[in-house]
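The values are calculated or read from the model by the stated rules, or taken from the named source; none is laboratory data. All values reported here derive from a predicted model rather than from experimental measurement. Note that each Cβ is placed from the backbone with ideal geometry, even for glycine, and that neighbours are counted across all protein chains shown. Keep in mind that these areas ignore ligands, DNA and RNA; they rest on the heavy atoms of the full protein, side chains included. Shrake-Rupley method; radii C 1.70, N 1.55, O 1.52, S 1.80 Å.
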Amino acid sequence: MQYQSQLVAKPYFIAAIALFIGQIVFGLIIGTQYVVGDFLFPEIPFNVARMVHTNLLVVWLLFGFMGAAYYLVPEESERELYSPKLAIITFWIFLITGALTIIGYLAVPYATLAAITGNDILPTMGREFLEQPLITKVGIVLVVVSLLYNITMTTLTGRKTSITIILLIGLWGLAFFWLFAFYNPENLVLDKYYWWWVIHLWVEGVWELIMAALLAFILIKVTGVDREVIDKWMYVIIALALATGIIGTGHHYYWIGTPSYWQWWGSIFSALEPIPFFAMTLFAFSMVNRRRRDHPNKIATLWALGTAVTAFLGAGVWGFMHTLAPVNYYTHGSQITSAHGHLAFYGAYVMVVLAIISYAMPIMRGRVANSPQAQRWETWAFWMMTVSMVAITLLLTGAGVMQVWLQRMGDTPMSFMATQAELSIFYWLRLVGGGVFFIGLIVYVISFFIKGDVEHITVDEKIKKEKENITVEEKFKREVALAPNDDKFQKES
Ligand code: HEM
Ligand code: HEM
Ligand SMILES: [Fe+2]
């Protein structure tokens with residue numbers, strides 16, 4: 001670690017993983033309730049458990065983004081964090097607010113929670129993903145403002161790189177669009193219209209900038225590729241993301257009472273949204289292919305490549321599947337939506353957070369990478385979680401296709417509940433997939449405790465050692481491979 005204050009990221013990452021476990025436990029509860037209707041009823045009703053599952057997801061991803069920002073901004077800015085103390089106070093405020101909110105969801109009926117937390121002063125509750133009580137929403141504002149203040153001051157007084165600039169724009173954007181969580185017009189059309197300014201403009205707008213910045217940071221570190229190359233890619237990616245994603249919001253305006261021109265604007269622009277995700281995949285692979293060092297943290301590289309591929313599949317391919325208005329007319333709000341929601345969130349944001357944790361955590365624990373043994377455990381976790389999430393997605397897609405067919409097409413459409421009964425085999429198998437995912441997550445947690453043969457040296461020392469040990473033929477091969485696009489390497493050698 002180059003700067004002591006980067007260590008404040010550690011509690012953020014630990015909290016993220018703890019809440020991730022909670023999210024999956026509640027995923028398993030609702031997955032079970034899908035097939036055993038009265039499981040845990042009346043203690044934990046489906047609507048409450050679902051809210052805990054999705055809210056924990058968003059909150060732990062935010063912990064991950066914040067930890068990542070506190071870790072990489074000092075290193076990129078080449079100075080200590082403006083105020084490490086503030087970052088730690090903010091951590092505790094966020095953790096306590098989050099925990100109290102979840103306890104509130106589980107302990108009292110939602111209407112009571114609304115009544116005792118001031119929802120009648122400014123009604124903001126009751127909308128998917130934005131269920132949090134007003135006090136929690138205000139708490140999130142304070143936490144994010146504190147983060148922005150801290151990292152903006154660090155950046156302004158230090159070195160400015162494209163990574164920090166793009167990360168900052170992403171985080172400022174995240175804060176800005178969060179403000180629409182406080183805007184809840186009486187008119188249901190307007191309510192839904194602005195609701196998407198939080199949901200869609202987060203995941204298909206400003207969060208993509210955060211993702212690109214984290215990916216670029218990890219790739220620079222593990223591949224040693226020149227910044228200029230990475231910068232060019234990043235600017236192309238974020239320009240494409242914003243150019244398609246902003247008007248792409250229209251793919252949520254097809255059937256909610258907005259003017260019908262949205263069916264054209266939404267279809268055309270959102271159909272282009274897979275392009276920036278595809279560019280991220282090309283970017284990641286081209287960086288790894290051009291790498292100038294063999295970083296010992298293999299598993300961080302795997303997470304980085306994995307996120308690029310899976311985000312393209314989940315957001316790009318599964319998003320495109322139902323984004324054109326004539327298709328969405330049939331698939332809207334079906335299991336197809338859920339299939340896409342799972343793989344997109346997992347591929348883009350879960351995996352990028354796990355990638356930065358995988359890269360940064362060993363360094364914060366005093367080594368350049370975990371032991372090969374620990375990395376082997378983490379590699380198993382990677383494949384178990386990723387393969388089971390792909391399986392869950394395929395099963396939900398199957399369920400969705402059948403659902404649309406039985407319930408919305410043909411001459412004698414079935415009722416919603418009758419259709420659901422026909423789909424139970426998919427839901428049972430989805431639950432099995434969820435079980436494997438959970439085991440993968442446990443293996444992931446165990447990997448942190450596997451000791452093995454760790455080398456307590458820094459990355460630079462490691463690279464120097466590698467250079468000394470390299471055979472003559474190896475060196476020649478590498479120089480030939482690197483020569484065309486790499487004058488710096490030639491100068492050095
Ligand atoms: C990482 C990026 C993405 C994430 C995390 C994500 C996540 C989600 C989620 C959770 C929903 C369900 C929202 C609800 O509760 O109603 C949704 C809906 C939708 N997404 Fe995405 N998405 C992403 C990218 C994309 C892209 C790139 C496209 C298009 C190419 C797309 C197309 C859609 C469409 C059309 C819907 C509405 C489905 C319906 O009508 O029921 N998404 N997305
Ligand atoms: C990191 C992994 C996961 C992510 C990112 C994730 C994400 C989400 C999201 C965004 C939603 C709400 C949007 C929608 O309905 O489309 C959701 C709902 C749900 N998730 Fe997950 N989830 C994960 C793991 C799981 C697991 C392991 C299970 C258990 C089998 C599960 C079961 C469910 C169920 C049953 C719903 C409710 C769907 C409905 O209302 O019909 N999830 N999840
Ligand atoms: Fe969207």
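Details
- Mean residue ellipticity (222 nm) of the chain, computed from DSSP H runs ≥ 4 via -39,500 (n - 2.57), nearest 500: -24000 deg cm²/dmol
- 3J(HN,Hα) from dihedral phi, the stretch 38-44, Karplus parametrisation 6.51/-1.76/1.60, rounded to Hz, x for glycine, proline: 9, 4, 6, 8, x, 4, 10
- Listed values for the stretch 254-261 are Karplus-derived 3J(HN,Hα) couplings in whole Hz (6.51 cos²θ - 1.76 cosθ + 1.60, θ = phi - 60°), namely 5, 10, 10, x, 8, x, 6, 4, and x replaces Gly and Pro.
- Each of Y194 and L179 was given a label point 7 Å from its Cα along the Cα-to-Cβ line. The distance between the two points is 1.1 nm.
- Accessible area of the chain belonging to carbon and sulfur atoms, whole % at 1.4 Å probe: 70 percent
- E228, E76, reordered so the largest accessible area comes first (probe 1.4 Å): E228, E76
- Converting phi to 3J(HN,Hα) with the Karplus coefficients 6.51, -1.76 and 1.60 and the offset θ = phi - 60°, the stretch 370-385 yields 6, 4, x, 4, 4, 5, 5, 4, 5, 5, 4, 4, 3, 6, 5, 5 Hz in sequence order, with x at every glycine or proline.
- Close amide-amide hydrogen proximity is noted between V225 and R292, each under 5 Å apart and 5 or more residues distant or on a separate chain (H modeled in the peptide plane; Pro and chain starts excluded).
- Exposed loop positions in the chain were taken to be chymotrypsin sites (Phe, Trp or Tyr not before Pro) whose DSSP state is not H, G, I, E or B and which have at most 16 other beta-carbon atoms within 10 angstrom. Between these positions, the longest stretch is 256-447.
- Among the listed pairs K137/K192; K10/K85; K298/K451; K85/K298, those with a Cα-Cα distance over 24 Å are K85/K298.
- Amide H contacts of H332 (H built 1.01 Å from N, in plane; Pro and chain starts excluded): no residue 5 or more places away or on another chain comes under 5 Å.
- Solvent-accessible area of I93 with every protein chain in place, 1.4 Å probe, in Å² to the nearest 10: 80 Å²
- With 10 Å bins from 0: P(r) over the chain, alpha-carbon pairs, percent: 4, 18, 29, 28, 14, 5, 2, 0
- Heavy-atom accessible area per residue - the chain, 1.4 Å, Å²: 44 Å²
- Taking all protein chains together and rolling a 1.4 Å probe, R430 ends up with roughly 30 Å² accessible.
- Where only C-alpha atoms are counted, convex hull volume of the stretch 341-415 per residue in Å³: 80 Å³
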